[in-house]
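Q: Have a look at this one.
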Amino acid sequence: MKRPSVATIVILLGLLGVAGGWRHLATAKSPAGAEQVIRLTAKKFEYTPNEITLKKGVPVVLEITSLDRDHGFKVPELGVRADVKPGETTRVRIVPDRTGRFEFRCDVFCGSGHEDMAGEIVVVE
Ligand SMILES: [Cu+2]
């Protein structure tokens, strides 16, 4: 097999860097590959915790699991949407690009309290 040229490798690394937000990683306190993980649980009709504070530009991975039935996790303003199922861990990577308060909510109908199943991501400088 032909060996990839140095130029190809540099271009590939560049693309990966853009896609993976390495620039953000470089400014974060934690070393590369050690992104902060925040665990969340979902159940009728609440998330625990229901408020998460993040730092602008610092990537985090949310690990969400359900304690009872299928739920959803949607943060419209951050472009995030995922299914949350019992017995599975849903991983959602977020690199908040601006400060503010962003509501997350369940978007899989789960019963009479579904409309109130929500929380907030607070992004600070
Ligand atoms: Cu629901």
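Q: Return the residue satisfying two criteria in turn: it lies in segment 76-109 and is of a type in the set (A, V, I, L, M, F, W, C) and closer than 13 Å to Tyr47 by Cα, and of such residues it is farthest from the ligand (Cβ to nearest atom).
A: Looking at residues that are of a type in the set (A, V, I, L, M, F, W, C) and closer than 13 Å to Tyr47 by Cα, I get Phe104.
Q: Here is a further query. For Thr90, are the conditions met, namely being at pLDDT 95 or above and surrounded by fewer than 18 Cβ atoms within 10 Å (Cβ to Cβ)?
A: Numbers: at pLDDT 95 or above: yes; surrounded by fewer than 18 Cβ atoms within 10 Å (Cβ to Cβ): no.
When the stated conditions are applied, Thr90 does not pass them.
The values are calculated or read from the model by the stated rules, or taken from the named source; none is laboratory data. From a predicted model like this one, the values you see are computed outputs, not experimental measurements. Here the Cβ is made from the backbone with ideal geometry for all residues, glycine too, and neighbour counts use every protein chain on show.
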